[in-house]
Amino acid sequence: MTFTELLPNLQRLDPSDKLRAIQFLVNELSKTENFASDDIESKSWLEADLVSDLPEYDWGEGGIPSMKPVEYVSGIGLVLKAG
């Protein structure tokens, strides 16, 4: 199976199953990839806790900035929604 065949299936998963898939891939990669002993960045990603919730983001004194609605259009990317 190629990545382009796999991606739509991954996108259909609910968030908890996506996390399980990520954990599975990390475990599989750690078995097959031999990272150099000084490859600290790869080791930190493989050992990272990707399941726990992140702390709330501090938006600073201005608070959350005003936003405009966007949508993803295949082949184009993010575009502003009308209205």
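The values are calculated or read from the model by the stated rules, or taken from the named source; none is laboratory data. These figures come from a predicted structure and were not determined experimentally. Note: ideal-geometry Cβ built from the backbone for every residue, glycine included; neighbour counts use all protein chains shown. Remember, those area values only see protein heavy atoms, side chains included, never the ligands or the DNA or RNA. Shrake-Rupley method; radii C 1.70, N 1.55, O 1.52, S 1.80 Å.
Scan region 1-34 for residues that are surrounded by 10 or more Cβ atoms within 10 Å (Cβ to Cβ), of a type outside the set (A, V, I, L, M, F, W, C) and not in a helix (DSSP H, G or I) and the total you get is 1. Which residues, counting only those in region 53-73, are open to solvent by less than 100 Å² (accessible area, probe 1.4 Å) and either assigned to a loop (DSSP other than H, G, I, E, B) or over 18 Å from residue 11 (Cα atoms) (or both)? Within region 53-73, 60, 62, 63, 65, 69, 70 meet the criteria. Does any residue in region 50-72 that is within 26 Å of residue 19 (Cβ to Cβ) and in contact (Cβ under 8 Å) with a residue 24 or more places away in the chain come within less than 7 Å, Cβ to Cβ, of a residue that is of a type outside the set (Ser, Thr, Tyr) and outside any loop (DSSP other than H, G, I, E, B) six or more places away or on a different chain, and which pairs are these? As it stands, the answer is 50/19; 50/22; 51/19, since those pairs meet every condition given.
For every residue, the table says whether it meets (1) closer than 30 Å to residue 82 by Cβ; (2) of a type in the set (Gly, Ala, Ser).
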position: 2; (1), (2): no, no
position: 30; (1), (2): no, yes
position: 40; (1), (2): no, no
position: 51; (1), (2): no, no
position: 55; (1), (2): no, no
position: 59; (1), (2): yes, no
